[in-house]
1. With r as the distance between the Cβ atoms of ALA59 and LEU97 and R0 = 25 Å, compute the FRET efficiency 1/(1 + (r/R0)^6) and round to 0.05.
2. If you count, for each residue, the other Cβ atoms within 10 Å and average over each peptide, how do 15-21, 77-83, 28-34, 132-138 line up from highest to lowest?
3. Roughly how many debye, to the nearest 20, is the charge dipole of the range 1-81 about its Cα centre, given +1 on each Lys and Arg Cβ, -1 on each Asp and Glu Cβ, and no other charges?
4. What does the C-alpha gyration tensor say about the overall shape of the range 12-86? Classify as rounded when a/c is under 1.5, otherwise prolate if a/b is larger than b/c, or oblate.
5. Could you tally the net charge around VAL30, taking each other residue with its Cβ under 12 Å from the Cβ of VAL30, Lys/Arg +1 and Asp/Glu -1?
6. When the chain is modelled as a GNM with alpha-carbon springs shorter than 10 Å, which of ILE26, ILE140, ILE39 fluctuates the most?
7. Please identify, among ARG68, ARG37, ARG13, the residue showing maximal mean-square fluctuation in a Gaussian network model of the chain using a 10 angstrom Cα cutoff.
8. For mean projected area of the Cα convex hull in nm², the listed values are [x] 8.5; [y] 11.7; [z] 14.0; which was obtained by calculation from the structure presented?
Amino acid sequence: MDWLTRLNARLSRWALYVAVAALLGIVGVVVGSVIWRYILNDAPAWSEQVALILVICVAMFGAAAGVRDEGHIGMESLVGLLPGNTQFWIGNIVGLLTIVFGLAVTWGCATMADAVWTNAIPTLGISEAWRYAPCIVSGILIILFSIEHLIAMYTDEEVIPSWH
């Protein structure tokens, strides 16, 4: 499991780097768009589409990193009141459901990307499929991170967050 932990820690950090870079990109694009629109009287046509793709990157890569560092929404206070054996099985169910979610995101977005590959985003001139790329990568990361958590539960180890 040591190699998986090292790999996932690195992937989680890179997911956060991408999310932060995308967030900074959103700020830059929106500020630039406002300046172009209200000061220069010339609104760029591409800014909205770029901002939307960056929002998808922030949300999906942030969510994947949140799964690795267990920052996702949970009902730990309620589960903490249950016996240890029950907590273990609830953890397994949550881990398996998270893997199913990651598979659904990956498969669904890959299917959509394939369906729209020939369509172009008019203001950018790139394929519509690029909108789905962050979701596909994040779905794969969510699967990897959930597998790591399940292995850690069965080996009675703790997954050390990427930012420790």
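Where a number appears in this text, it was derived from the coordinates with a stated rule and is not lab data. The structure presented is a predicted model; accordingly, all values stated were derived computationally and were not measured. Please note: Cβ atoms are built from the backbone with ideal geometry, for glycine as well, and neighbour counts cover all protein chains shown.
1. After rounding, the FRET efficiency stands at 0.80.
2. My ranking of the peptides, most packed first, is 132-138, 15-21, 28-34, 77-83.
3. On the way: 5 positive and 6 negative charges, 39 e Å.
With Lys and Arg at +1 and Asp and Glu at -1, about 180 debye.
4. prolate
5. So the surrounding residues net to 0.
6. Among ILE26, ILE140, ILE39, the largest GNM mean-square fluctuation belongs to ILE39.
7. ARG37
8. This structure yields the entry labelled [y].
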